[in-house]
Amino acid sequence: MRYSRLLTQTLREVPADADAISHRLALRAGLIRPLAAGIFSFLPLGLRVKQKIEQILREEMERADCFEISMPVVQPAEIWRESGRWDDVGHEMVRMKDRGDRDMCLAMTHEEAVTDLARHIAHSYRQLPLSAFQIQTKFRDEPRSRGGLIRVREFTMKDGYSFHIDQGSLDAYYPRMYEAYQRIFERAGLGEQVIVVESDPGMMGGTEAHEFMYLNAGGEDTLLLCDRCGYNANRQVATHRREAIKAESAKPLEKVATPNCKTIEDVASFLNVPQHETAKAVFFVGTIGGEEKFIFAMVRGDSELNETKLTNAVRAQALRPATDAEIIAVGAVPGYASPMAVTDALVVVDEAIAQGANFVSGANEDGCHCLNVNAGRDFEADVIADLVAVQEGMPCPKCETPLDSTRGIEVGNLFKLGTKYSDSMGATVLDENGKARPLVMGCYGIGVGRLLACIIEAHHDEHGIIWPMSVAPFDVEIVVLTGRKPAGEREAAEKLYGELTAAGLDVLLDDRDERAGVKFNDADLIGIPIRLTIGSRGLSKGQVELKLRHAYDRVDVVLDQVVERVKAEKAKLIHR
């Protein structure tokens, strides 16, 4: 391929709205161009990288006996209503009507579509297990696109699905997909920089989920890790070993004045009590069963509330912070709130509040708190659950070692969906006794663009991208330097281009009429692993300069040895 014919453009200046390294370099190297917020066009170099990643995905999926299909991105509402997600999924899903006034949507994911396929194809346990995947464009109307390809609205996803006769079959297949993902990230150049953590199934549902996280300081997710026993979890679902709560008799309720004390810190300081003896109130409005419900949540004053745990505890489709007006409407007072005497509210308390005694809580009166507030005596909890957002230093739930905290970017996920979709959509097969049983499902996703971005995050320097050979847009780039007096540089470059291409190598020939400095800067920016430079000085000696993108050294190679040398360097880089 000739550089002069590419629909692309490199940028010298860093785009002002690009905060992530991968976003800046992808724009500067001419891999992508934005069309709208979170919507990008892939230009030739970026598309070639994307296609290389997709080929790795195809190979490893098929190695796990998971074979490619293609399903529609525009889907009828009926199958989403069957699963219950038409109402559960919020504004992220784009809904529309066709010319027949039928409700349709742009699919964010394909559990419904693949379950519909399975219920028409799989009839007997003898056909199972079955597994299929697709690599397809999806649309999710994210409220906050960020990081270039890391969080977008339109994206390419590898989504795979498996169907089983029972949980045991899914449990046996799950490690095969787990191992396939490990091979994918190893081949893509991330390797040990990706760890696996327990995660929240979220809108996917199911009994168990794992995320493959690329460790990155700029990642959106907080991860809690234990170096001793290997416990790893996304903060959304992380737990900790709770201290034993001493049995204590309930003391008489007592109201005290606490002027200008609206925060836990203020109250604890004013009353001279430790924060763990106070109760923190947090207010939300949740969409539950299609209706909004006021949620009064409580955790100990020394803890932070985990919104994901709260969402799961009340089975909400969405949460939003309550307004002061909504807080007052249920009988509570902002800054001095208590669950005592509130009406028309779902009261959800953390286990420590339910098991402990004699907490300091608001009195639902300006400038006042109550001492010795006890669940069960002074108010009733509708839901008791673990609501604590685990922090670094808290004891590991398995071995009590203080947990470490780091940040990560999700590059893949695995879900044990169980029978969530097959139950609601009637996807059954006959077992060996002729009895209809719901299909047990697994789901396996990798975002292609996000993986591409993480590869850039992991492989770059101050000059640009350094592609791993496995996903590089080209194996080798030929840079032609033409002086004022041509000495056959272009002819030599064309001849070498033909020889390298005939040898099965992907070659980019920089034949542009640009200065040497521009060509070298662009070569470093786009990051092709091997660079060959043809200039008059080298040609006069029958040589070409060879440089590896990740190295500083340059070597001169005799022209008739270039093809074999490049092939040898490529082989070494594949296994680097």
I need a count of the residues in the stretch 97-145 that are crowded, with 16+ Cβ neighbours inside 10 Å and outside any loop (DSSP other than H, G, I, E, B).
22
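Give the number of residues within the stretch 13-42 that are acidic (Asp, Glu) and in a helix (DSSP H, G or I).
Step one: list which residues in the stretch 13-42 are acidic (Asp, Glu), which gives 13, 17, 19.
Now drop any that are not in a helix (DSSP H, G or I), which leaves none.
Total meeting the criteria: 0.
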Quick check on the stretch 283-291. Is at least one of its residues assigned to a strand (DSSP E or B), open to solvent by 20 Å² or more (accessible area, probe 1.4 Å), among the polar types (S, T, N, Q) and at pLDDT below 95?
yes
Criterion (within 30 Å of ALA458 (Cβ to Cβ), within 20 Å of the chain's Cα centre (by Cα) and open to solvent by less than 70 Å² (accessible area, probe 1.4 Å)) met by exactly one of SER41, SER22:
SER22
Output for the stretch 293-321, where each listed residue is assigned to a strand (DSSP E or B) and of a type outside the set (A, V, I, L, M)
LYS293, PHE294, PHE296, ARG300, ARG320, PRO321
Only residues in the stretch 509-524 that are touching a residue at least 40 places away in the same chain (Cβ under 8 Å) count as the first member; pair them with residues that are of a type in the set (D, E, K, R) and assigned to a helix (DSSP H, G or I), Cβ under 9 angstrom, at least 6 apart or cross-chain, and list the lot.
LEU509/GLU494; ASP510/LYS519; ASP510/ASP522; ASP511/ARG5; ASP511/ARG490; ASP511/GLU494; ARG512/LYS519; ARG512/ASP522
Listed by first then second residue, the pairs whose first member lies in the stretch 246-262 and is closer than 16 Å to GLY376 by Cα and of a type outside the set (S, T, N, Q), whose partner is open to solvent by 70 Å² or more (accessible area, probe 1.4 Å) and assigned to a loop (DSSP other than H, G, I, E, B), with beta carbons under 9 Å and at least 6 positions apart or on separate chains, are ALA250/ARG377; LEU253/ARG377
Filter result (more than 12 Å from the chain's Cα centre (by Cα) and open to solvent by 10 Å² or more (accessible area, probe 1.4 Å)) within the stretch 441-457:
GLU457
Restricting the search to the stretch 212-233, which residues are open to solvent by 40 Å² or more (accessible area, probe 1.4 Å) and either farther than 18 Å from ARG146 by Cβ or within 12 Å of the chain's Cα centre (by Cα) (or both)?
LEU215, GLU220, ASP227, ARG228, CYS229, GLY230
If you take just the strands (runs of 3 or more DSSP E) that sit entirely in the stretch 362-427, which of them hold at least 1 residues that are modelled with pLDDT of 95 or more, open to solvent by 40 Å² or more (accessible area, probe 1.4 Å) and among the charged types (D, E, K, R)?
404-418
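The values are calculated or read from the model by the stated rules, or taken from the named source; none is laboratory data. Keep in mind that what you see is a predicted model, and the values were worked out from it rather than measured. Glycine gets a Cβ as well: all are built from the backbone with ideal geometry, and neighbour counts include every protein chain shown. What goes into the accessible areas is simple: the full protein's heavy atoms, side chains included, and nothing from ligands, DNA or RNA. Shrake-Rupley method; radii C 1.70, N 1.55, O 1.52, S 1.80 Å.
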